[in-house]
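Here's the structure, in structure tokens; my notes come after.
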Amino acid sequence: MPPGRTTLSAEVTHINSRGLWLLVDDQEHFLAFKLFPWFRAAPIGAVMKVTRPSRTRVRWPELDIDLALDSIGSPGKYPLVSGHGHGLAKDSAPKRARPR
């Protein structure tokens with residue numbers, strides 16, 4: 001890499017039953033599975049392969065997940081909806097049949 005070129009990095013540093021920790025520019029972010037459900041059942045190897053294509057985004061190519069860093073820091077500003085039906089929109093939650 002030529003001198004003076006900035007390297008953008010991101011690294012998953014820890015995963016547990018509640019979520020994962022992502023290190024970006026010396027700042028660690030917690031991504032709770034409750035708010036970022038796509039990672040819950042994903043293979044650990046794919047979760048660990050995070051890239052940072054720009055200063056404002058992180059990407060998991062094997063999972064086809066691309067997140068703005070602001071959405072990680074302020075998830076309430078961004079409705080997270082997956083094209084696979086695993087999003088968090090209230091109306092998309094499965095309804096349970098009532099016992100009769």
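Bear in mind that the values in this text are calculations on the coordinates, not laboratory data. Owing to the predicted nature of the structure, the values given are computational and were not obtained by experimental measurement. Positions of Cβ are generated from backbone atoms using ideal geometry, with glycine treated the same way; all protein chains shown enter the neighbour counts.
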| Distance between the range 41-58 and the range 9-23 - C-alpha centres, whole angstrom | 10 Å
| field | Ranked packing of 9-17, 32-40, most packed first, by mean Cβ within 10 Å | value | 32-40, 9-17
